């Protein structure tokens, strides 16, 4: 998950101690924080145990079942699995407070058959998905357990969710379903815990992903020479895409990630394809880039046809949508952003505010206050089999940060 840092100057006004008067008493809050610190080993045990259950794209059910058991053990009510595989549990509130979703994603990028065993050396753990997002799952379980240490009611209801389909081709299908079907009920605030560290994502980087295929009848490289070549057309389209000028702000990018096609060195290919990723912090900028890209595809097709004016052979282009994630922004004055920064400051650190592509994209794009926070500790090698997480001496601050943010939002007015 790539993140862009939002300038630190935007943090200057974010000292809002008045929010803390809306939480349970300091003694109750301190008890919860201490419980999270004291049970840090359990948090790590859950992180490792869940990580060693394979959860490939579109194959999250086994990890989801284990997560559901842990939610019930943590005292959550009405634990269930919705139609797409999201695992949901609730801690009901009293009164007319907001419904706050606290989520992490169940899926990984690793295909079925990947060795997902975890090794440990001191405070360092290594294994595919150990940080992204087994750390997030462990953090939200720690929050649920911590809240069970108090009988103080909250005004709002906490809904804890393990989502499916956050990574890659999953196209955020889990969180889309939460909002489209209301399988978790109406949502007033949305928090995702994703990865390691102490940053907060407050802006959604949108993306459009396509598989583009140029198609013709193909033929012998010598005998059929003089006809449009799908590989050549693909090359023309890549060259045209490479020349598109995008703004530096809002940051807008493009990349050809994969190129495929052909059958042999002495054949004119029948098909040539590429997978393309277009991204931006602005939906308008992303849509403009998309329009330029689509025009380039047709221009490349027409140029390859024109190169061989006597040929009657067809050359076509097909565009398949692999995934679309909406972009969106919210002001740093948003209560959820203020609450996240103030919660962190109470624990002794100031998080960087970033832009990234996470489950929060859907909420932000629909005007629901949302944020993605890191799970504490440190990590690296995300999306590789060498991924690692180090709990250090204060990894427990990740779940402490999450629970303070949750408590603040549960006592605010619905958005």
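Readers should treat all values here as calculations from the given coordinates under stated rules, not as data from a laboratory. Because the structure is predicted, anything quoted here is derived from the model rather than measured. For neighbour counting, all protein chains shown are included, and Cβ atoms are generated from backbone atoms with ideal geometry for every residue, glycine included.
Given only helices, namely DSSP H runs of n ≥ 4 each adding -39500 (n - 2.57), what is the per-residue ellipticity at 222 nm of the chain, to the nearest 500 deg cm²/dmol? Intermediate values should be presented prior to the final figure.
Values: 10 runs with 131 residues, N = 415.
After summing the helix terms and dividing by the residues of the chain, the value is -10000 deg cm²/dmol.
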Footprinting exposure proxy for 227, 270, 260 (fewest neighbouring C-beta atoms within 10 Å first): 260, 270, 227
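Say R0 is 25 Å: what FRET efficiency, to the nearest 0.05, do residue 148 and residue 366 get from their beta-carbon distance? Before the final figure, lay out the partial values.
Values: r = 31 Å, r/R0 = 1.25.
Efficiency at R0 = 25 Å is approximately 0.20.
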Of 45, 107, 374, the one that fluctuates the most in a GNM where the chain has Cα springs shorter than 10 Å: 45
Inter-centroid distance (Cα atoms) of the stretch 85-147 relative to the stretch 24-53, Å: 12 Å
Relative counts (whole %) of C-alpha pair distances in the stretch 14-148, using bins that are 10 Å wide: 11, 37, 32, 16, 4, 0
With 5 Å bins from 0: P(r) over the stretch 333-407, alpha-carbon pairs, percent: 3, 14, 21, 23, 19, 12, 6, 1
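Which percent, to the nearest 5, of DSSP beta bridges fully inside the chain are antiparallel? Provide the component values of the computation, followed by the final result.
Details: 54 of 73 bridges.
Once the DSSP bridges in the chain are tallied, antiparallel ones form about 75 percent.
I need to check one value: relative contact order of the stretch 268-415, counting alpha carbon pairs closer than 8 Å and at least 6 residues apart, in percent.
Result for the stretch 268-415 is 19 percent.
Using only alpha carbon pairs under 8 Å that are at least six residues apart, calculate the relative contact order of the chain and give it in whole percent. Before the final figure, lay out each step's value.
Details: 969 pairs, mean separation 106.5, N = 415.
Once divided by the residue count of the chain, the mean separation gives 26 percent.
Using Cβ contacts closer than 10 Å as the measure, can you line up 244, 373, 53, 36 from fewest to most? Walk me through the numbers before you get to the answer.
Details: 244 15, 373 29, 53 18, 36 26.
In increasing order of surrounding Cβ atoms, one gets 244, 53, 36, 373.
Using only the alpha carbon atoms of the stretch 206-325, find the Kirkwood hydrodynamic radius as the inverse mean reciprocal pair distance, in angstroms to one decimal. Walk me through the numbers before you get to the answer.
Values: mean 1/r = 0.0672 Å⁻¹.
Result for the stretch 206-325, one decimal place: 14.9 Å.
With contacts defined as alpha carbon pairs under 8 Å and 6 or more residues apart, what's the relative contact order of the stretch 206-325 in percent? Show your work: numbers first, answer last.
Details: 239 pairs, mean separation 55.6, N = 120.
The value is 46 percent.
For each of 139, 337, 313, 48, count neighbouring Cβ atoms within 10 Å of the residue's Cβ, then give the residues from fewest to most.
Numbers: 139 33, 337 22, 313 16, 48 19.
The most exposed by this proxy come first: 313, 48, 337, 139.
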